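The values are calculated or read from the model by the stated rules, or taken from the named source; none is laboratory data. Every value quoted in this text rests on a predicted model; they were computed, and no experiment measured them. Backbone-built Cβ (ideal geometry, glycine too); neighbour counts: all protein chains shown. SASA here: full protein model, heavy atoms, side chains in, ligands and nucleic acids out. Shrake-Rupley method; radii C 1.70, N 1.55, O 1.52, S 1.80 Å.
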Amino acid sequence: QTVAFDQEYVMPAIVRLTDTGTVDLDVRYVDGKSGIFMQLGAKPRLGANREDTVIFSYAHDPNTATTFRRVKTLDTMANSIHLFGKSQKGRQATARSVASQRENGVFEAVETLADVETVELLEMLADYELLLRKDPRDLVAVTPTPEQSARPWDDYFLGDTVSIHASDPSLPFPVTREHVSGLQRLYGFTVEVDEDYGERVTDMVVSPQDAG
């Protein structure tokens, strides 16, 4: 898939790139002596689709996970964004998500961008900030069962898409309060060296936003 740019703003460019589902962002920091502090690019998406071969299940056959945690936080959430531009120009812009406010309550963010002079740029920035912040941060973590689950490096690695299941859907009262089943992208894992087993994963972080 090809995406062409001609003097595109950064945020629209990021959205267009990531929406292809084929790339990861490549961020490089430079010393800034030349006036350039960061370079942002894209590289082929890391990982492979392993939904059929790598399955982590908690309280659900084949029981290949010993723990399951899903955490939603409101730390960075904002569903009512108000931006002020250069004071002499009196520029300002507002973006709101009524659906998010109805579901989560109203979370406001007010910011001053003193170097922005045009209302068009302020409106675009408000819209994209709302897009990134209108929903709670949502993370899922599981601990694989060493003896029964797939092994890191051999069977999966960072960026891979794997299957995650929690609680048997046939049970009326799931132990996790909700049934979870879907495809998740693997963002990180912690490895310990066990005297008896060797290398084992003690914590794995995946993203429910990638659920299929």
Inset, instruction - Using a Förster distance of 30 angstrom, determine the FRET efficiency expected from the C-beta separation of Leu40 and Thr94, and round it to 0.05. - result: 0.65
Inset, instruction - Report, largest value first, the span of the C-alpha coordinates of the chain along each principal axis, in whole Å. - result: 67, 44, 34
Legend entry - In Hz, Karplus ³J(HN,Hα) per residue of region 175-189 (6.51, -1.76, 1.60; θ = phi - 60°; x = Gly, Pro): 5, 9, 6, 8, 7, 10, 7, x, 9, 10, 8, 7, 9, x, 8
Legend entry - Length-normalised contact order of the chain in % [C-alpha pairs under 8 Å, at least 6 apart]: 21
Legend entry - DSSP beta bridges in region 22-173 [antiparallel fraction, %, rounded to 5]: 65
Legend entry - region 5-44 shape via C-alpha gyration tensor axes, a/c threshold 1.5: oblate
Legend entry - region 68-169, accessible area per residue, ligands and nucleic acids excluded (1.4 Å, Å²): 57
Inset, instruction - Working from Cα positions, state the angle (0 to 90°, nearest 10) between the long axis of helix 119-133 and the longest principal axis of the chain. - result: 20
Inset, instruction - Quote the accessible area belonging to Leu74 in square angstrom, nearest 10, computed with a 1.4 Å probe and with ligands, DNA and RNA left uncounted. - result: 80
Inset, instruction - For the chain, give the magnitude of the charge dipole about the Cα centre (Cβ charges: +1 Lys/Arg, -1 Asp/Glu; no others), in debye to the nearest 20. - result: 760
Inset, instruction - Summarise the accessible area of the chain (1.4 Å probe, protein heavy atoms) by the percent that is carbon and sulfur. - result: 49
Legend entry - Using alpha-carbon coordinates, inclination of helix 10-19 to the longest axis of the chain, degrees: 30
